[in-house]
Structures are given as structure tokens and as C-alpha cells.
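Accompanying notes for the structure given below.
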Amino acid sequence: MTSVIVGAIAIFLYQIEVFNPDKQHPYLPIALILTISVLIGTVLSAGSARKILKPLTDFNAALAKVTQGDFDVALNEHQHTKEIRELYTNFNKMTKELSSIETLRDDFIVNVSHEFKTPLTAIEGYATLLQDEHIEDYERQDYTQMIIQSVHQLSTLTGNILQLSKIENNTMPLDKEFFRLDEQLRQVIVFLEPEWSAKQIDLQLELDRLDYYGNKSLLFQVWNNLISNAIKFSEENDSIYVQLTTENEQIKVVIRDTGIGMSDSVRQKAFDKFYQGDRTRHTFGNGLGLALVKRIIDMSYGTISLESAEHVGTTFTILLPFEQAVIKSQPNL
């Protein structure tokens, strides 16, 4: 570009006889053209360098904001250069993810603090009441039971947090083995017998006899959480239906209750960490059970879906890969 401009200037000066080889020394026009060439080249180089370096300067300034904890910064992705456009796009994706992680971390701290504070306050309060020498024996027994329940709540919360953390960080060993999936569901139901018997819940089972290859302890926790939730949110004399079948080359587990159900807003957030639809705290829970269930099912390369309506009931449908199962016989009720 410099050569073209300088050449045009030289031709123009020659035409107006500023350069006249017959009257001037030949070194003068050469020196003048070189001087003009250097000046124009310097100006063009400075302008081009500023334009080329501007995206990098903006990128560096944005990085400086990110290092200071500002994840709301965003770069204009409408760039002419493909490489710069891709760089800006990836940077914006990174800041968006960092912002989400920061929000989750803040929410996690707030929620954990709240979940710990509630049982700790209860323990402190009831322990203080127990120091009164004039309380009746039945009151002492009630206060002791409330302390035990609060300690159990803390134990469950810490256990769920640690297990969820291990799963999400891929630090939990996934020891797999063959086991009877239908028998495991029966074991969970027997384990929860005191709870559903107390409410006189009608429990209906339809379980195919089936061997499954997977992590036995994690899947036990899935069925335990789902069935205990069904019991928890059912009224007296309600029904719970548990089905284990195979369908379309997949294992299908259905857990349905006729309990209080969920509203649309609660259903949409049911698998979120620390979310609890029952804000009154009339039921025991910490909002981690379904989040843990969802993560375990994902790790097992399966899916879980939820259907629910208020005052009608809730249905969870779990689909697991069929290639990891062996059907042994016809339905065994």
C-alpha cells in the first residue's frame, strides 16, 4: 500500500515538474520519495497495528476483570476475523459458566448454612430444656427424641452432601456386580415397612425377576429415596404402586403414589439441589434426595422422569440400559 501511494505521488510530482531530472540532481527526488515513503509507512503501520492489537487489548482488559471476580463481562462477538470471533465466543462461554458456578457456590453456602442452623438450633433449645430439673418424664422423653431426630437430620445432610460431592467430582468408585433388581426393591420396601405400615398404605408390587449389573449400593439409595418420598407425601390409606418390567430394550421402574402431589412450579425444580416444595418443614428433608437420585441415574446411563399433579399423586419413571440386565423368568409378584 505504501509503494502504491508513493508511486502515485512520484508520478504526480513529475507531471507538475517538481521532479525534473534535467534541472535537478537525481538524488533529490529519490531522497524525497524515500522520506515520503517512510512517513506514510509509519502512519499506516501504526494505524494497522492499533487495529490489529485492539481485540487483544480488549481481551486483556476483560481477563483483568475476570481475575478481580467480575464474571458479568462480555466481549462483542461480531468480529471480522474468524480467530478473534471464536476467541471472544469461547471467552463469553467461559465467563457465563464461571458466573453460574459462582451463583451455585453462593446458593450452596447459604442453603447448607440454613440446613445446618435449623437442627443445631433445635438441639441447643431442647438440650437447654433438659437442664430443667422440674420437667416431667414424658417431656424429657419428647425433648430427647427431638434431639435424636435433629442429629439424624444433620447426619443425613452431611452424608448426602459428601456422596453428591464424590459423585459430581467422579471420585466415587463405581464397583459393579450382578444382583437381583427385583429383590433389591423388596428389601427397600421391607426396610421402610414401619413407615408405610404406620399410615396403613396399600402397597402394590409388580416385579419381574431380573438380574442387573451395576452399583448395588447406589441403586439401593435411589429406590430408598423415591419410595420413602412416596410414603412421606402420602396420606393415611393412600396407595403406592411399584413396578419393574422391561420395555423397548430398557429396564423400566415405575414408582407411583396417590399422595399430595406437586404443583407445576415445584415439579420443574424437583431435582434441584436444596429445593424443597414443602416450605412449612412439616416433613423431614434437606432437598438433596432427588438431586442425588438424578445424578446416580445419570451415572448409570439411564433417565428419570416425573409426572405429578396436586391432590392426585406423583409418578417417577426410571429407564436403565437393557444390555446390563438378564431376565430370569416371568413376573414374580
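The values are calculated or read from the model by the stated rules, or taken from the named source; none is laboratory data. Because the structure is a prediction, the values reported are computed rather than measured. Every residue, glycine as well, gets a Cβ built from its backbone with ideal geometry; the counts of neighbours run over all protein chains shown. With ligands, DNA and RNA removed, areas are computed over all heavy atoms of the protein, side chains included. Shrake-Rupley method; radii C 1.70, N 1.55, O 1.52, S 1.80 Å.
Of note:
- Spatial extent of the stretch 205-261: Rg and Dmax, with the Cα atoms as the point set, Å: 12.8, 37
- Mean silhouette area of the stretch 180-222, derived from the convex hull of its C-alpha atoms and averaged over all directions, reads 3.2 nm².
- Gln187 paired with Val73, simple spin-label distance in nm, labels 7 Å along Cα-to-beta-carbon: 5.4 nm
- Surface listing: Lys93, Lys216 arranged by accessible area from highest to lowest gives Lys93, Lys216, probe 1.4 Å.
- For the stretch 182-199, putting each phi into the Karplus relation 6.51 cos²θ - 1.76 cosθ + 1.60 with θ = phi - 60° gives couplings of 5, 5, 5, 4, 5, 4, 5, 5, 5, 4, 9, 3, x, 6, 6, 5, 4, 9 Hz, in residue order, rounded to whole numbers and with x for Gly and Pro.
- Per-residue SASA entry for Lys117, accessible area with 1.4 Å probe, Å² rounded to 10: 140 Å²
- Sites Gln131 and Thr158, calculated FRET efficiency, Cβ-Cβ separation with R0 30 Å, nearest 0.05: 0.65
- Computed accessible area, Ser265, all protein chains, 1.4 angstrom probe, square angstrom: 70 Å²
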